[in-house]
Amino acid sequence: QVVNYAPFTLLPSAVPSVLFEQAYAVQQDFNLLVDAISQNKEFLEDTLASTVKVDDFTAQLFRIHVQVLEEGLAQSVFLGINRSDYMFDCGVDGTPALKQIEINTIAASFGGLTSRTAAVHGQVLKMLGKSKEASRLLPNNPSKGLALGIAKAWELYGSQSAVVMFLVEEVQRNIFDQRCVENELWNRNIRVIRKRFRDVFEKGSLDDAKRLYMDGQEVAVVYYREGYVPKNYDQQNWEARLLLERSRAVKCPDIATQLAGTKKVQQELSRPGTLERLLPGRAEAVTRIRATFAGLYSLDVGEEGDKIAAMAIADPDQFVLKPQREGGGNNLYGEELRQVLEKIRDSPERTSYILMDKIKPQPTINYLLRAHSPLQVSECISELGIFGVYVRQGKEMVMNKAAGHLLRTKAIEHADGGVAAGVAGLDTPYLV
Ligand code: ADP
Ligand code: MG
């Protein structure tokens, strides 16, 4: 019942143009990689074997994945919308380097709202008498790019009367972000409905050919903006998820692609030889991808994990401890990292986490504007995200694109958390 503006920075933030271009240049490679992982049953099985033993949420997703494969995939068109996030790590000599924080393969958000932020920052700069600088801000329209991917998947599904279903949360705070993408679809004469898992449980059904119907309406594409954290699910919602995954509808993402975005998979990708195995014959893509990796370490039971745990406990400020969760606010740092890891170092529970080198960007000064918060100048760090969109029909990639960017900036005292967590603000890169 209350509308607040989304948090944003007063001024755009400087971003090194070489790193910005590097992030765009590697996005199609990441699209290919995520898609390859999602089709590689053995890789997902081996990689997540230790995690599913201790993490119930990943285990439940994995069970659905296995069941759907055993029944045989009804879906033949695949749509991926992801966002690869980076920070600019400041090396010993002060040169910043692009380092990936994570890749989000489900419900990657803010493509809609951020399609408007360049206009906001352009106006602020003009009001400050900086028209020349304002004209240098790059246009950015991820909502259109994401919608083009959804529209392509809808077209390949091949039923004029079928709809696109946005699967949304019970209480949806970020509705306007989603409406930006939705409106792009209406503009292309594609019908959109918004439903919750609960609606699917009550009114969803499959016909003999596993076509998905909601209230008698055929659904061509299911775009998940929900379903990525345990609290999104009760027993009924899990049943609804299974129904959707068994259907012929294009899921964005299908459950295998969601699993490809887990932190455990990210960590295994950094092992020597893994990228080469997943992307055979694509040596240049492998090099571009690997250049963005920070140090990532497995805490699996065994000698390797023992050593890693000891290393992190001895020097906790150099690392981040990450569970298999999304949405911000779950990672552990510093003293807390040390305490938790000491408690679980001899227990299999530690395998539900991965360890990562802590990225240390050079802070800059900005003002963060947030509803009901005092306006203050803060020392800030930024995280750059690039949206990726791809569509595959059977074995053939029919679309593979970078669809725009997102810059989020937060005060340095917040180690974790993004815009949705109430910490970061929407920003615009000012290339230098
Ligand atoms: P989530 O899935 O919760 O978004 P992330 O891996 O993106 O998990 O981490 C959440 C936040 O924590 C990031 O937005 C970033 O601010 C911070 N963070 C994550 N990994 C690192 C890292 N290796 N170094 C520094 N900060 C990090
Ligand atoms: Mg994140």
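The values are calculated or read from the model by the stated rules, or taken from the named source; none is laboratory data. All figures in this text were calculated on a predicted structure; none of them were measured in a lab. Positions of Cβ are backbone-derived with ideal geometry, glycine not excepted, and every protein chain shown enters the neighbour counts. Accessible surface is based on the protein model in full, side chains and every heavy atom, while ligands, DNA and RNA are left aside. Shrake-Rupley method; radii C 1.70, N 1.55, O 1.52, S 1.80 Å.
Tabulated data for the structure shown
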{"item": "Count of the range 319-367 residues which are closer than 22 Å to Arg408 by Cβ, among the hydroxyl-bearing types (Ser, Thr, Tyr) and away from ligand 2 (no atom under 16 Å from the Cβ)", "result": "2"}
{"item": "Candidates Arg188, Arg173, Arg179, Arg241, filtered to the one that is of a type in the set (Lys, Arg) and closer than 25 Å to Asn40 by Cα", "result": "Arg241"}
{"item": "Residues of the range 387-404 classified as surrounded by fewer than 24 Cβ atoms within 10 Å (Cβ to Cβ) and touching a residue at least 24 places away in the same chain (Cβ under 8 Å), total", "result": "9"}
{"item": "Single residue of Ser378, Ser382, Ser373 found to be open to solvent by 20 Å² or more (accessible area, probe 1.4 Å) and either in a strand (DSSP E or B) or not hydrophobic (A, V, I, L, M, F, W, C) (or both)", "result": "Ser373"}
{"item": "Failed condition for Gly295, given (1) at positive phi; (2) in contact with an Asp or Glu (Cβ under 6 Å, 6 or more places away or on another chain)", "result": "(1)"}
{"item": "Residues of the range 71-105 that turn out to be in a loop (DSSP other than H, G, I, E, B) and open to solvent by less than 20 Å² (accessible area, probe 1.4 Å), as a count", "result": "2"}
{"item": "Residue pairs meeting the criteria (Cβ under 6 Å; at least 6 apart or on separate chains; first closer than 15 Å to Thr287 by Cα, in the range 24-35; second open to solvent by 10 Å² or more (accessible area, probe 1.4 Å) and assigned to a helix (DSSP H, G or I))", "result": "Val26/Arg288; Asp29/Arg288"}
{"item": "Complete set of residues in the range 7-46 that are more than 19 Å from the chain's Cα centre (by Cα) and either of a type in the set (Phe, Trp, Tyr) or open to solvent by less than 40 Å² (accessible area, probe 1.4 Å) (or both)", "result": "Pro7, Phe8, Thr9, Pro12, Ser13, Val15, Pro16, Ser17, Leu19, Phe43"}
{"item": "Subset tally (residues that are away from ligand 1 (no atom under 16 Å from the Cβ) and either modelled with pLDDT of 95 or more or farther than 22 Å from Glu21 by Cα (or both)) for the range 82-130", "result": "19"}
{"item": "Test result for Glu284, closer than 21 Å to Val34 by Cβ and within 16 Å of ligand 1 (Cβ to nearest atom)", "result": "no"}
{"item": "Members of the range 68-104 that are hydroxyl-bearing (Ser, Thr, Tyr) and closer than 30 Å to Val164 by Cα", "result": "Ser76, Ser84"}
{"item": "Top-ranked residue in the range 188-218 [being among the β-branched types (Val, Ile, Thr) and under 27 Å from Glu326 (Cα atoms); ranked as surrounded by the fewest Cβ atoms within 10 Å (Cβ to Cβ)]", "result": "Ile193"}
{"item": "Residue match in the range 348-371 (condition: aliphatic (A, V, I, L, M) and in contact with a His (Cβ under 9 Å, 6 or more places away or on another chain))", "result": "no"}
{"item": "Residue check for Gln236: within 23 Å of Lys358 (Cβ to Cβ), part of a helix (DSSP H, G or I) and among the polar types (S, T, N, Q)", "result": "no"}
{"item": "Criterion violated by Asp234 - all others in (1) open to solvent by 30 Å² or more (accessible area, probe 1.4 Å); (2) closer than 17 Å to Leu32 by Cα satisfied", "result": "(2)"}
{"item": "Near pairs, Cβ below 8 angstrom, 6+ apart or cross-chain, from the range 85-102 (away from ligand 2 (no atom under 11 Å from the Cβ)) to any residue that is open to solvent by 40 Å² or more (accessible area, probe 1.4 Å) and of a type in the set (Gly, Ala, Ser)", "result": "Leu98/Ala291"}
{"item": "Positions within the range 126-141 being over 17 Å from Leu407 (Cα atoms) and either of a type in the set (A, V, I, L, M) or crowded, with 17+ Cβ neighbours inside 10 Å (or both), in sequence order", "result": "Met127, Leu128"}
{"item": "Residues within the range 52-70 that are out of contact with any Asp or Glu (no Cβ under 9 Å at 6 or more places or on another chain) and either open to solvent by 50 Å² or more (accessible area, probe 1.4 Å) or of a type outside the set (A, V, I, L, M, F, W, C) (or both), tallied", "result": "8"}
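Table: residues versus (1) of a type in the set (Phe, Trp, Tyr); (2) surrounded by 13 or more Cβ atoms within 10 Å (Cβ to Cβ).
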site	(1), (2)
Gly281	no, no
Thr287	no, no
Arg290	no, yes
Asp306	no, yes
Met311	no, yes
Phe319	yes, yes
Pro323	no, yes
Asn331	no, yes
